[in-house]
1. I need the full set of residues from segment 334-347 which are among the β-branched types (Val, Ile, Thr) and over 14 Å from Gln364 (Cβ atoms), in order please.
2. For the subset of segment 516-533 comprising residues that are open to solvent by 100 Å² or more (accessible area, probe 1.4 Å) and at pLDDT below 85, which member is nearest to Ile348 (Cα to Cα)?
3. What tally of residues in segment 52-75 results from selecting those that are more than 25 Å from the chain's Cα centre (by Cα) and under 16 Å from Lys180 (Cα atoms)?
4. Could you identify the single residue in Leu202, Leu186 that is surrounded by 19 or more Cβ atoms within 10 Å (Cβ to Cβ) and over 15 Å from Leu44 (Cβ atoms)?
5. Within segment 54-109, restricting attention to residues that are among the hydroxyl-bearing types (Ser, Thr, Tyr) and out of contact with any helix residue (DSSP H, G or I) (no Cβ under 9 Å at 6 or more places or on another chain), which residue is most open to solvent (accessible area, probe 1.4 Å)?
6. Identify, from the list Gly324, Gly353, the residue that is open to solvent by less than 50 Å² (accessible area, probe 1.4 Å), small (Gly, Ala, Ser), part of a loop (DSSP other than H, G, I, E, B) and more than 30 Å from Leu429 (Cα to Cα).
7. Between Lys286, Lys273, which is of a type outside the set (S, T, N, Q), out of contact with any His (no Cβ under 8 Å at 6 or more places or on another chain) and at pLDDT 80 or above?
8. Among the numbered criteria (1) in contact with a Gly (Cβ under 8 Å, 6 or more places away or on another chain); (2) without any contact (Cβ under 8 Å) to a residue 40 or more places away in the chain; (3) part of a loop (DSSP other than H, G, I, E, B), which one does Asn192 miss?
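The values are calculated or read from the model by the stated rules, or taken from the named source; none is laboratory data. Just so it is clear, the model here is predicted, and its values are computed rather than measured. Glycine gets a Cβ as well: all are built from the backbone with ideal geometry, and neighbour counts include every protein chain shown. Please note that ligands, DNA and RNA were not included when accessible areas were found on the heavy atoms of the full protein model with its side chains. Shrake-Rupley method; radii C 1.70, N 1.55, O 1.52, S 1.80 Å.
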Amino acid sequence: MLNVTDVFLKYGDRVLMDHLDVVIGDRDRVGLVGRNGAGKSTLLKIIAGDITPDDGRVSRASYSTMGFLHQEMNLPKGRTVIEEALTAFDEVKKMELRITQLHDEIGHRTDYESAEYTKLLEEFADLTHRFDLLGGQSAQADAERVLKGLGFKPTDMQRLTDEFSGGWQMRVELAKMLLKKPDYLLLDEPTNHLDIESILWLESFLQDYPGAIIVISHDKQFLDNVTTRTVEIELGRVYDYKAPYSQYVALREERREKMMASYENQQRVIAQKERTITRFMAKASKTKMAQSMQKQLDKIERVTIDQEDTAVMNLRFPPAPRSGQIVVEGKGVTKQYGKLLVLDHVDIKLDRGDRVAFVGQNGQGKTTLAKILVNQLTSTSGSITLGHNVQIGYYAQNQSDALGNSLTVLETMEHASPPEMRTRLRSILGAFMFSGEDADKKVTVLSGGERARLALACLLLRPFNLLVLDEPTNHLDMLSKDVLKQALLDFDGTLIVVSHDREFLRGLTNRTIEFRDRHLHEYIGDVDAFLEKRSLDNMRQVELSSKIPAAAAPQPKREISYEERKRLQRNVSQAEKRIEKLEEELAKLEQVMGDLSFYERSDAQLVTKDYQQKKTALEEAMSEWEEAQSALDEAGI
């Protein structure tokens, strides 16, 4: 059990946390939600011990462990991806060394009846159990499995982490957290840098996670699939709902409606009583009764309406200067990174006023083409032609991360501003919810959502008629996403938006371009029209099936001979029998080894060795079975 008790935190005149109390159970799945800047990340840092509150405390069992994936992290340089991931097992390696020491000491001692000998046996049993629980026997295989699940290829394992972008380094850090299997796993926006397949893998992993999870995310579907409880932070207070995100939204609205109804009913009763008291006070014969009624009225516990944070940024894109009819045209565009072909002779043409969504699996070239179109990247071959008077506004996927941490909010705006806009910077910042002293904050102390708002504010400092947005909703809270969408609907220029967020894309564009197999596939209409034509229910299916069109015929099954089929079937059958036999033998050995007197036996070391050999044999048998069964599945047998 983890207890957050009476936590109070104040920054300047602002109370961020007003004596909060939260209890986290050993297997809880908690989604931590709230507006940008409400204190979600700060609360995680307090729980992790990175920040000390002004008052209150956080307590948990002394033997429990904690892992915290936060938005600011720096991996040490000089290690390969697999080497860095394996540092998660440093504790396990120490444990293995101690188990070996205990094993040798137990084997040499003869004081079987002593308290010291019993203590050694208990320590050996506890360490062995925890060693197995933490995956000590399969560290390398587990590390490779988790890295693969998070999107790393086998060829990436021996590459230095220095070679990867910040998003991929975050994946390595996430892999380490998952491999350590802490009792309390704290995750701050874990999906921001993951592609859809990695998100799905992470969801599956977390659903079976043995400890407690507290996660901050603005991905509604991820929260629904991973969490069973929602804790909202709003204006310094917490509200706890025993429900995942979508149910929480409905419950929250229901709670506020009931609270408002109770408040209004009570106000009517109070008003009626006050009128009666005023009437009675005017009559001498009823003054005493009026005073008695007033005392009763003063004792009523007043229903109060919890304050609600409804502040939103005021985002309106400037009128777009008129461009030529053809805004941008690409012919035969090819992009290759070494041997990796991302785009293969693709053509694209945007007319003035077009509104286009780029969709598809990560790695299929959406961001690459967006960067080529805005001249942030050079194509390997092909041509890009901008139309007459085209002025580009570009919001990169990592735009908010690229802000200078050493600058203040106002200095950041000044660096991005043309001279004629300097006098308006503070008013623009106010429209983006940076008021008063907020302008003097260092960028380094801003939350992810505040950084995203600042990056959008910088975008408005120059006029443009071609707006290209790459994952603009990363870090934005739900209300801010709605404001951005409305501003884009009102924008009168040409729009390209790259996003995985179906809710955000709905009704926003009139063309949808799917990136699949290094080519572009165009559909008229918004994302819903596209999905209907593809007969897919949601964006996740689009991304997972991006290599296989829904209307395409199934891949032909691999043809094998009769002899080959019989051989594979025989291998499957033999592997299954071997697995069954080994599992029975291991169960018997575990029963024997579970007896404390086992270590007094002269053959204890031999039995332990036999046990380890059988575990290894079982893993090999499982691999053989999987390989043979996969071959049969490919052949359709």
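1. Matches in segment 334-347: Thr334 only.
2. Lys533
3. 1
4. Numbers: Leu186 fails: over 15 Å from Leu44 (Cβ atoms).
Exactly one residue qualifies, and that residue is Leu202.
5. Step one: filter segment 54-109 for residues among the hydroxyl-bearing types (Ser, Thr, Tyr), giving 59, 62-65, 80, 87, 100.
Adding the requirement that they be out of contact with any helix residue (DSSP H, G or I) (no Cβ under 9 Å at 6 or more places or on another chain) leaves 59, 62-64, 100.
On the way: Ser59: 44, Ser62: 120, Tyr63: 181, Ser64: 16, Thr100: 71 Å².
This residue is Tyr63.
6. Gly324 is the lone residue from the list that is open to solvent by less than 50 Å² (accessible area, probe 1.4 Å), small (Gly, Ala, Ser), part of a loop (DSSP other than H, G, I, E, B) and more than 30 Å from Leu429 (Cα to Cα).
7. Answer to the selection: Lys273.
8. (2)
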